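Chemist: Structure provided below as structure tokens; questions to follow.
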Amino acid sequence: MRVGLGLIVPAEARSLFRRALEGLDGVRVRWGVYNDEASIRSTVEQVLPDCDALCFAGPLSLERALPVIPEDMPYADVVPTPLDISLSFLRARALGMELTPASIDSVPEHLVVDLLAELGLARDSVAVLPFDGRTGPEEIAEFHRRQQSAIGARYALTARNSVFHLLDGTLGAPVVRVLSTASTITATVRELSLRAVSIRKEDLHLSAAIFRAEPSPDDAVPDAAERIAAVLQSTMGWKDAWIDVRSGTEVLVLGHKKLMRDMTHQWRSLDLLDQLGDVVRGRVVAGFGLGESTRSCVHYATLAAERAHHAGVSCAFLLTEQGVVLGPLLDTGERPTRYRFKSDDAALERLSRQTGLGVATLTQLIELDRRLDGASISAEDLGTSLNLTATSGRRILRALRQDGLAAAVGSSQPSTRGRPKHLYRLRFSEFLRDETSSRHDSADIGDERTGT
């Protein structure tokens, strides 16, 4: 599966990025090359239609582009690593300069502090201006000029191309670029591509929806299903799905999971219900089903529609093969959706008692684990996924790690500001697979004992 990757880079960095991508399979590159920082946003808008993910040359281009990046599109920026910063100092040394004193901008301060400590150099021998998207090139250039008198800086290191052009030949001292190495770029692109592939695979899973008319007994509409199908076929989004009238009151819709998720605003609401109710002169309910096959998708959609019927109002529910129940989804979207798990699943009840987490929380975590498909997640992102605080996310991860349901896998520095985030991998899929295997083994033993 090839990933459409948008690379947003300054013109000077294109050759470096091209070299970093040599030999990288499964990536279809869409270049977004800009000559000045003011054109970053328009450059991103031009490449977006052809992209599954966006990779930025640095935090500045990412920050400029954030307002136009779709909510569900993965992205990353290439951030200088300790090796990249060390090589920048060595380039200055190659020019005949002593390592310190010096000034550097737009890099994580703690990386410079750690480097100086490793080299046995004084902390105040290098002035650091961390990245801040609100700081313009002129202000950064002035920072370097001040450090010449403040600490006697003999040269300047900058990660901003615009600052380099301002200072080069005017500072009265060498100006050295802080450049990410090809290996840093390759690692960032590879991780981003894997995330994009995981999302695309998830989006391409089949899903089913059942729309069921429940007209008033005193005002029955004989062609209710045909009317529902006509509305769906004329509605942007739904018309891209396969729509079939199953009976006088029921319509089956088949489509990719992404389509269903988009049409329900991430499984939060279903805008068409009131309109459909008007055309059939009664109530309309809907059910969505996610499974491994067409048959299972339709089966769970039918069960979800039945659950919506018993809710007593026009609404929809989602049921998945993993047992997740999400709903009710209302037309207004004002009422928050609720998560539940099948009440007859004893494994989840036992797990709830074991971890001290509620069944509702565990259900959301299982669905999150399925979406991640082996990818890692931070405590902050886990909290956001559950509509909780980062503190709650850390508390949940501690409980999961104690019971072997999450494992630490490393850390990441998604931007130049703040501390690295610890990353974890959820292990619910393994737990449920083991539980299923245990139940099957128990059933086999029972069959042997009874001779069946």
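Chemist: Tell me, please, whether a residue that is out of contact with any His (no Cβ under 7 Å at 6 or more places or on another chain), among the hydroxyl-bearing types (Ser, Thr, Tyr) and under 18 Å from ILE228 (Cα atoms) can be found in the stretch 294-307. Steps first, please.
Modeler: Let us first name the residues in the stretch 294-307 that are out of contact with any His (no Cβ under 7 Å at 6 or more places or on another chain), namely 294-307.
Now drop any that are not among the hydroxyl-bearing types (Ser, Thr, Tyr), which leaves 294, 296, 300, 302.
Those left that are additionally under 18 Å from ILE228 (Cα atoms): 302.
Yes, the conditions are met somewhere in the stretch 294-307.
Chemist: Ok, one more. How many residues are assigned to a helix (DSSP H, G or I) and either under 36 Å from the mean Cα position of the chain (by Cα) or more than 17 Å from LEU166 (Cα to Cα) (or both) when one looks only at the stretch 124-142?
Modeler: Taking the stretch 124-142 first, the residues assigned to a helix (DSSP H, G or I) are 124-125, 137-142.
From what is left, the residues that are either under 36 Å from the mean Cα position of the chain (by Cα) or more than 17 Å from LEU166 (Cα to Cα) (or both) are 124-125, 137-141.
Residues meeting the conditions: 7.
Chemist: With the checklist (1) assigned to a helix (DSSP H, G or I); (2) among the hydrophobic types (A, V, I, L, M, F, W, C); (3) at pLDDT 95 or above in hand, flag the one item LEU16 doesn't pass.
Modeler: (3)
Chemist: Say we look at the stretch 64-123 and pick out the residues that are of a type in the set (D, E, K, R) and farther than 24 Å from PRO137 by Cβ; which of these is nearest to the chain's Cα centre (by Cα)? Can you show your working first?
Modeler: Residues of the stretch 64-123 of a type in the set (D, E, K, R): 64, 71-72, 77, 84, 91, 93, 98, 105, 109, 114, 118, 123.
After this cut, where a residue has to be farther than 24 Å from PRO137 by Cβ as well, the list is 71-72, 93, 98, 114, 118, 123.
Numbers: GLU71: 8, ASP72: 6, ARG93: 41, GLU98: 44, ASP114: 31, GLU118: 35, ARG123: 37 Å.
Filtering the stretch 64-123 for residues that are of a type in the set (D, E, K, R) and farther than 24 Å from PRO137 by Cβ, the one nearest to the chain's Cα centre (by Cα) comes out as ASP72.
Chemist: On to the next question. Return a yes/no flag: does the stretch 320-340 have any residue that is modelled with pLDDT of 80 or more, surrounded by fewer than 21 Cβ atoms within 10 Å (Cβ to Cβ), in the same structural domain as SER293 (by TED's automatic domain parsing) and assigned to a helix (DSSP H, G or I).
Modeler: Checked against the condition, which is being modelled with pLDDT of 80 or more, surrounded by fewer than 21 Cβ atoms within 10 Å (Cβ to Cβ), in the same structural domain as SER293 (by TED's automatic domain parsing) and assigned to a helix (DSSP H, G or I), the stretch 320-340 yields no hits at all.
Chemist: Count, please, the residues in the stretch 307-332 that happen to be without any contact (Cβ under 8 Å) to a residue 40 or more places away in the chain and among the acidic types (Asp, Glu).
Modeler: 1
Chemist: Take the residues in the stretch 1-28 that are surrounded by 12 or more Cβ atoms within 10 Å (Cβ to Cβ), out of contact with any Gly (no Cβ under 8 Å at 6 or more places or on another chain) and without any contact (Cβ under 8 Å) to a residue 40 or more places away in the chain, then tell me which one is farthest from THR135 (Cα to Cα).
Modeler: Checked the stretch 1-28; the qualifying residue farthest from THR135 (Cα to Cα) is ARG18.
Chemist: Something else about it: Assess whether SER103 counts as being over 25 Å from ARG200 (Cα atoms), in a helix (DSSP H, G or I) and of a type in the set (S, T, N, Q). Working first, answer last.
Modeler: Values: over 25 Å from ARG200 (Cα atoms): yes; in a helix (DSSP H, G or I): no; of a type in the set (S, T, N, Q): yes.
The answer is no for SER103.
This table checks each residue for (1) of a type outside the set (D, E, K, R); (2) surrounded by fewer than 17 Cβ atoms within 10 Å (Cβ to Cβ); (3) at pLDDT below 95; (4) touching a strand residue (DSSP E or B) at 6+ places or on another chain (Cβ under 7 Å).
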site: ASP105; (1), (2), (3), (4): no, no, no, yes
site: ASP132; (1), (2), (3), (4): no, yes, yes, no
site: GLU139; (1), (2), (3), (4): no, yes, no, no
site: TYR155; (1), (2), (3), (4): yes, no, no, yes
site: THR158; (1), (2), (3), (4): yes, no, no, yes
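The values are calculated or read from the model by the stated rules, or taken from the named source; none is laboratory data. Since the model is a prediction, treat every value here as computed from it, not as a measurement. Cβ: placed from backbone, ideal geometry, glycine included. Neighbour counts: every protein chain shown.
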